[in-house]
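Please read the structure below before turning to the comments.
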Amino acid sequence: MKTCTNIQYVVKMLIRFPPNTDEKLSILSRDSQYDLACACGTNKDDRRHRSIDDRWVYPVTLPDGGKSAIFKTLMSNVCANDCAYCPLRQDRDLTRCTLSADEIVKKFLEYHRRREVFGLFLSSGVIGTPDNTMDLLIQVARLLRQKEKFRGYIHLKILPGASTSAIDEALSLSSAVSLNLEVPGAANFSKLSQKKNYERDIIVPLKHISQMTHKGARFEKVRQTTQFIIGASSETDKEIINYTGGLYSRLKLNRVYFSAYQRGLGRIDLPGERSAHSNSDLLLREHRLYQMDFLLRKYRFNSDEIPVESSGFLSLSVDPKEAWARCHPEYFPVHVNRAGSFELLRVPGLGPELVNRILDYRKQKGVLRSFELLQKSRISKYLKRASEFVRFN
């Protein structure tokens, strides 16, 4: 296995190297919590907690709405990068370790055979160079696909700066890949890293993945996702919203994820460390961005329709859909018995499931005279909220 060339650094890491696979997994799965660009659910608790045994199995929401778990770990927390927001950056004094491909495959298959997980999410710090590390990640996927005949879900992280050939090989073995955008724009990115080039190392490979996975392309069945770090740099929500809209409309990404930066983990010169925002504010900001993301993906909103305050940020007190409704009184009330799905989805409190139930009721039984005919305890609060914006007669 290749390692960093700095002899003193390597010796220091070897002295502190955990002795067995389980101890290394405990460290590396904990360190993988900062990357959410996988099938993880958007519920705050789902993103912040692991399995019952508090190890390296993370809860996920499946595309069909079901629940399962994913085996999620770093291959290594050794990293040659200087990302100021990252608790694993090269200047941090912490226990470093690396798993071999055989160790990961063996442990993953133990969980999979017990039906405790449905797939693997594998990322890593940069060991030496991006392509050197990509070779190690790809080796795991190749062992699973070719030796173990595993046909299930594999999500591989594409490291910034990876070559086209490394990306294509990863795509050939993966169900999904992700290359994290981190922040919107080179100006914001320059405050986070001096080693990585935003255009060369992130934007160019991100576009290449999109070209290779679009409909009709060689790897069209491979999903592509990315992640923003929220609050580490000086980005506004408006910038994130515009980039997110472009990622969906132009690059056809399957999903964008958001991870709130937690103060105290980065360098003191970081904009996020000097910000007046608390960690709880950043988590709420993350939640609002996920609500915005749902408006783009599920509710047919355009990025320029998402309302932001004069500061360029989403309101923390009102969700973006209700904020839009308050800004457009001319749109309401919506007639429940005449409106189509597009109009109904604009009503605060009404999501795709409830809209489909309304349309089904109208089709089967005619006029819907009250939400009480649809009401169930778990959705009553949403219907109560919607009542302000609709009429039945």
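Summary table below
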{"quantity": "Centre separation in Å (Cα based) which lies between segment 229-281 and segment 62-123", "calculated": "22"}
{"quantity": "Karplus (6.51, -1.76, 1.60) ³J(HN,Hα), θ = phi - 60°, over segment 349-362, in Hz, Gly and Pro reported as x", "calculated": "x, 9, x, x, 5, 5, 4, 5, 5, 5, 5, 5, 4, 4"}
{"quantity": "Three-way shape call for segment 147-253 based on the alpha-carbon gyration tensor, with the a/c threshold at 1.5", "calculated": "prolate"}
{"quantity": "Candidates per trypsin sites (Lys or Arg not before Pro) in segment 162-232, loop by DSSP, up to 14 other Cβ within 10 Å", "calculated": "K195, K215, R218, K221"}
{"quantity": "Translational diffusion of segment 328-391, µm² s⁻¹ [Kirkwood Rh, Cα pairs; Stokes-Einstein; 20 °C; 1.002 mPa s]", "calculated": "183"}
{"quantity": "Amide hydrogen neighbours beyond the local backbone of V334, cut-off 5 Å, H modeled", "calculated": "V390, R391"}
{"quantity": "Relative contact order (percent, whole number), segment 59-196, Cα cutoff 8 Å, 6+ residue spacing", "calculated": "24"}
{"quantity": "Debye log10 I(q)/I(0) for segment 237-305, one point scatterer per Cα, at q = 0.12, 0.24 Å⁻¹", "calculated": "-0.38, -1.01"}
{"quantity": "Trypsin sites (Lys or Arg not before Pro) within segment 339-393, DSSP loop, no more than 14 other Cβ atoms inside 10 Å", "calculated": "R369, K376, R378"}
{"quantity": "Which listed pairs, of K24/K107; K195/K221; K106/K157; K72/K107; K72/K195, have C-alpha distances above 22 Å, in listed order", "calculated": "K195/K221; K72/K195"}
{"quantity": "Relative contact order (percent, whole number), segment 328-391, Cα cutoff 8 Å, 6+ residue spacing", "calculated": "48"}
{"quantity": "Which of V177, V367 has the fewest Cβ neighbours within 10 Å, and the rest in rising order", "calculated": "V367, V177"}
{"quantity": "Sorted by Cβ density within 10 Å, fewest first, the residues T164, T226", "calculated": "T164, T226"}
{"quantity": "Amide H contacts of C97 (H built 1.01 Å from N, under 5 Å, at least 5 apart or other chain)", "calculated": "N77, V78"}
{"quantity": "Gyration tensor (alpha-carbon) shape descriptor, segment 209-367, a/c threshold 1.5", "calculated": "oblate"}
{"quantity": "5 angstrom amide H check on N81, placed H, neighbours 5+ away", "calculated": "Q90, V126"}
{"quantity": "From phi via Karplus (6.51, -1.76, 1.60), per-residue ³J(HN,Hα) for segment 243-251 in Hz, x at Gly/Pro", "calculated": "5, 4, x, x, 4, 7, 7, 9, 9"}
{"quantity": "Segment 328-391 - charge dipole about Cα centre, Lys and Arg +1 at Cβ, Asp and Glu -1, debye rounded to 20", "calculated": "240"}
{"quantity": "Backbone HN-Hα couplings from phi across segment 266-274 [Karplus 6.51/-1.76/1.60, Hz, Gly and Pro as x]", "calculated": "x, 6, 5, 7, 6, x, x, 6, 8"}
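We did not get these values from a lab; they are worked out from the coordinates using the rules stated. Source: prediction; values computed, not measured. Glycine gets a Cβ as well: all are built from the backbone with ideal geometry, and neighbour counts include every protein chain shown.
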